Structures are given as C-alpha cells and as structure tokens.
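Here is the structure we will look at, set down as structure tokens.
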Amino acid sequence: MKTPQHIAIIMDGNGRWAKAKGLPRTAGHKAGADTTKEIITAAKKQGVKYLTLYAFSSENWLRPEKEVSFLMDLLRLQLKTQVKELHKNGVRLRIIGDREKLNKDIRDDIEKAEKLTAENDELCVQVGLSYGGRQEILHAVEKSKGDTTQFEKYLYTREIPDPDLLIRTGGEKRISNFLLWQIAYTELYFTDKLWPEFDEADFETAIKDFSIRERRFGGAKE
Ligand code: FPP
C-alpha cells in the first residue's frame, strides 16, 4: 500500500462530541488529546514520516477566555508529560505558528522540547499553535523581501515536504486557514467522525483511500 509520507490533520469536533454526551466542551478537548496520542503512535507504526496537527488556530484566540485558558493548560500538561515519551520513541517535535502570542512559560517548554528532540528521525510531529495559513504567508513574504526563491525558507514549515494527505474530522468540508500554501497538490479526506472518536482503524481507512488515488500534480496521463 502506498503510504503518505506526510499527513496533515484538522482535528475537529471535540466540542460537539462533548455536547452529545452532556459534558462541557473542555471534556471534549481532553478526550481529543488522548486521540492525538493514539494517532501519533499509529502514524509511526504506518511508517508516516511527518504528521502535522492543527491544535490551535490564530482565530481560536477569539473563543471564550475560559476555553482558551483550558486549552493552554492542556497544552502545558501535554508538554510536561508527553515529550519524554515522544523522545523515547524517536519522535521529533516542531511547533508551527506565531509563538510570540503564547505565554513565556509555554514558549520555553516548546523550545526545550524542540531542542531535545531535534535529532530524532522516526517521525516528525508538527503542531500548529496560534497558527494561521494567511498569517504564515504574509510573514514569509515580508521576511523574503520580494526574493521568491527564498520565500519557502521563511514558512514555518521550512524544510518539511508538503503534505500528501490532509484529513479533516468532524464533518465540515473546509480548510479553515490551515497550511494554505503547502496543500496546493494535497489529497483531501473528510470524515464525519468527531476527533475524540477517530481511531487507528479510521486513520488506516484514510490512508487506504489515499493509496488508490491517482496524483498528477497538474500533469496528464499518457
Ligand atoms: C476542534 O474542535 C478542536 C480544537 C480547537 C482543539 C484541538 C485540541 C486538541 C485535539 C487537544 C490537544 C491540543 C492542545 C492545544 C493541547 P472544536 O472545539 O472546534 O469542536 P466543535 O467544532 O465540535 O465545536
């Protein structure tokens, strides 16, 4: 089976999952974090080399303050508890987004985690935090000062190859400002499954779907 080298995921549906169970939205995010862990393990098992996860968008700052601070606390906890395990498993962690907007303690933990795991090459996990695709493009345009050959070097994703497959859970069929530049030729896969209920078998189904697609990158077959 043709395995995608790079999979990007829009992890949507935490709030709806919680609501359906009569729980607060925050319980959905907590369950979503467990799914994230499971899918990272599955990606490594499948031989995926890059996994890019949309955890918090530039626009998510507009959510109620209580939800934002819950997500930031969850992020703090994940950084404190998961990094060692990721490192042990040969996973490299990279954060993409406008990290200046994050609190200093989180920024410090991110830097530590990136340094610790920098040489790992089993799987590279990129996490979008305070990430917006349009903002990323504008940032790179400004930094590259009109030199288009240098432009991609200033994207947050730099030397990482473009995603082969983008998965969005939660039933919506849109991109929501994720990796706008990088997904020019990416195969898109949408599922109604909500992120907390998405599992390894669903992940494999998405990969199987990808493996039978014909990619032409704008070219033509014989
Ligand atoms: C989308 O569901 C999910 C998020 C905005 C957050 C994703 C976070 C995780 C998977 C946990 C790990 C992340 C961090 C930051 C530690 P939604 O709330 O938009 O769901 P809805 O569309 O059903 O309301």
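The values are calculated or read from the model by the stated rules, or taken from the named source; none is laboratory data. Just so it is clear, the model here is predicted, and its values are computed rather than measured. Cβ coordinates were reconstructed from backbone atoms using ideal geometry, including for glycine residues, and neighbour counts include every protein chain displayed. In case anyone asks, the SASA skips ligands and DNA or RNA and just uses the protein heavy atoms, side chains included. Shrake-Rupley method; radii C 1.70, N 1.55, O 1.52, S 1.80 Å.
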Within the stretch 108-150, considering residues that are among the charged types (D, E, K, R) and under 18 Å from Ser57 (Cβ atoms), the one most open to solvent (accessible area, probe 1.4 Å): Arg134
Of Gly146, Gly218, the only residue that is touching a Phe, Trp or Tyr at 6+ places or on another chain (Cβ under 8 Å) and not aliphatic (A, V, I, L, M) is Gly218
Of residues in the stretch 178-190 being aromatic (Phe, Trp, Tyr) and open to solvent by 40 Å² or more (accessible area, probe 1.4 Å), the one nearest to Asp34 (Cα to Cα): Phe190
Criterion first (over 25 Å from Lys88 (Cβ atoms) and within 9 Å of the ligand (Cβ to nearest atom)) does Glu59 satisfy it? no
What about Thr157, is it touching a helix residue (DSSP H, G or I) at 6+ places or on another chain (Cβ under 7 Å), crowded, with 17+ Cβ neighbours inside 10 Å, in contact (Cβ under 8 Å) with a residue 12 or more places away in the chain and within 26 Å of Gly32 (Cβ to Cβ)? no
Scan the stretch 191-211 residue by residue and report those that are part of a helix (DSSP H, G or I), open to solvent by 20 Å² or more (accessible area, probe 1.4 Å) and of a type outside the set (S, T, N, Q). Pro196, Glu197, Glu200, Ala201, Asp202, Glu204, Lys208, Asp209
Considering every residue within the stretch 170-177, establish whether at least one is open to solvent by less than 10 Å² (accessible area, probe 1.4 Å), of a type in the set (S, T, N, Q) and not in a helix (DSSP H, G or I). no
Within the stretch 115-153, the residues that are away from the ligand (no atom under 16 Å from the Cβ), assigned to a helix (DSSP H, G or I) and not hydrophobic (A, V, I, L, M, F, W, C) are Lys115, Thr117, Arg134, Gln135, Glu136, His139, Glu142, Lys143, Ser144, Glu152, Lys153
With Gln182, Gln135 as the choices, which residue is touching a strand residue (DSSP E or B) at 6+ places or on another chain (Cβ under 9 Å) and at negative phi? Gln182
Subset of the stretch 11-47 (residues that are among the β-branched types (Val, Ile, Thr) and near the ligand (Cβ under 8 Å from one of its atoms)): Thr35, Thr36
